[in-house]
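A short write-up of the structure that comes next.
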Amino acid sequence: MLMAAVSGSAQKQWTLQDCIDYALANNITLKKSQLQKQSATEDLKGAKAALLPTLSASTNQSIGYQPWKDAGISTVTNGTVNTKVDKTYYNGNYGINAQWTVWNGNRNTNTVKLDQLAEQEAELSAQATANDIQERIAQIYAQILYLDESVKVSEQTLETSKKNEERGQEMVSVGKMSKADLAQLTAQRANDEYAIVEARSQLLNYKLQMKQLLEITDEAAFDVAIPEISDERILSEIPSLQSVYEEAVLTRPELERLRLAVKSSDVSVSIAKAGWLPNVSLTGGVSTSTNSLSSNGWGSQMKTNVASQVGVGVSVPIFDGRSTKTAVNKAKIQQLQSQLDLQDQQKTLYTNIQSFWLNALNNQEKYRAASASVESAQQSYELLSEQFRLGLKNIVELMTGKNNLLSAQQNLLQSKYQTIYNKQMLEFYRNGIIK
């Protein structure tokens, strides 16, 4: 497994599972995708609410002025007639209105279906984003493990170069080697030192990429746990290409999302066709009003001025400037586009799985060959080193043997981690689990 126990040292050793868990909780791209799902949920709630009647209350308060009014209210007080002309008056209107769309060609109900599918698509899109992040983490993690072991191999190679250089200096001092040959040993040692610097630089770069993927922005050192990987794990059976593909087709979120997109396009066609159908709605309302010029009191006016009404509205489209036909045709085009997108994604999925499968198979065979090659090159180099010390082999033969050993070791490492990574991806496509 590409996971190991977290080190008990002061510096955290990140396992593969640690990286995945942290990224799924903190990656900004994934959080944005999850927000889109929440937005789709709100759209669905709004579409369901649109099936219900609407109810509103209204009031209007106004002041009026009649500058040339000459009639008013007359009163008699102690035999004297008093006339009061009110040129300014106050109006109040109050109403409650309701409306309900009884039928609009099933546009509202189909909109609910469309938003339900959109919510599911958003959820699957978030899952697909999470899968992409996990795949990237696994890729970087495998590269870190490879470079970490590559650095160790380079360090061992450097130690050998130093010993050869020391041996060369001894042989020069007793006249058994020329200074030109010693210079070659020194150059080899310097090249090995440079190779270590280069490998460490690449290792730090991939660790930085991992930190960025995990959204870690502090300056703390980042290191991963190095697991033990047995030959049994590397050489275990590779699942068949067809079995992986068949399971992936049923479970991969990007395919399920596109299948939902096809369903959504079908619903969109139905919504567009509703433009040719009649709309039926019910309306109703209750209203009353008051006026300051009335001799009745406010409460009496509110009661006596009450009026109510109920109505049925029917709208039949006759000619809409081809807007509905255009909408239907465009919806059908999108329907075909969705079907093609699904086919294209299935093809892409098969291509990806096929690539992982071939790489796993080829690198597994390379690992077997490289294991034998390393063993042979190691024995050959040990023999060359002993013969060189005895003066039986020259510097060219020694360096050739050393380079052959290093090349075999690097081939072994590459095939080892390429096998592990590609087998891991095949399992991920089968069951959605990286381990």
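The values are calculated or read from the model by the stated rules, or taken from the named source; none is laboratory data. Note that the structure is predicted; figures quoted are calculated from it, not measured. Cβ sites come from the backbone with ideal geometry, for glycine too, and all protein chains shown count toward neighbours. The area values use the complete protein model at the heavy-atom level, side chains included, leaving out ligands, DNA and RNA. Shrake-Rupley method; radii C 1.70, N 1.55, O 1.52, S 1.80 Å.
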Neighbourhood net charge (14 Å Cβ-Cβ; Lys/Arg +1, Asp/Glu -1) for residue 413: -1
Accessible-area order (highest first, 1.4 angstrom probe) of the listed residues 326, 15, 217: 217, 326, 15
Accessible area per residue, Å², region 385-435 with all protein chains present, probe 1.4 Å: 43 Å²
Per residue accessible area of region 266-378, 1.4 Å probe, in Å²: 62 Å²
Per residue Cα convex hull volume in Å³ - calculated over the chain: 302 Å³
Net length gained if the chain between residue 41 and residue 365 were fully extended (0.36 nm per residue, minus Cα distance): 111.7 nm
Charged-residue dipole, Cβ positions (Lys, Arg, Asp, Glu), the chain about Cα centre, Debye nearest 20: 1960 debye
Surface accessible to a 1.4 Å probe, per residue, for the residues of region 192-257, Å²: 58 Å²
Simple label model, 7 Å out from Cα along Cβ direction - residue 375 to residue 103, nm: 8.2 nm
Heavy-atom accessible area order for 348, 41, largest first, 1.4 Å probe: 348, 41
Residue of 192, 218, 18 that the Gaussian network model of the chain assigns the largest fluctuation, springs spanning Cα pairs under 10 Å: 218
Cβ-based net charge around residue 123, under 12 Å, with every Lys or Arg adding one and every Asp or Glu removing one: -1
Summed side-chain charge close to residue 160 - residues other than residue 160 whose Cβ falls under 14 Å, Lys, Arg +1, Asp, Glu -1: -1
Kirkwood hydrodynamic radius of region 357-415, from inverse mean 1/r over distinct Cα pairs, in Å: 12.2 Å
Residue 312 accessible area, 1.4 Å probe, all protein chains in place, Å² to nearest 10: 110 Å²
Of all accessible heavy-atom area on the chain, the percent that carbon and sulfur account for (1.4 Å): 53 percent
Net length gained if the chain between residue 337 and residue 202 were fully extended (0.36 nm per residue, minus Cα distance): 44.3 nm
271, 353, ranked by accessible area, largest first (probe 1.4 Å): 271, 353
Solvent-accessible area of residue 254 with every protein chain in place, 1.4 Å probe, in Å² to the nearest 10: 30 Å²
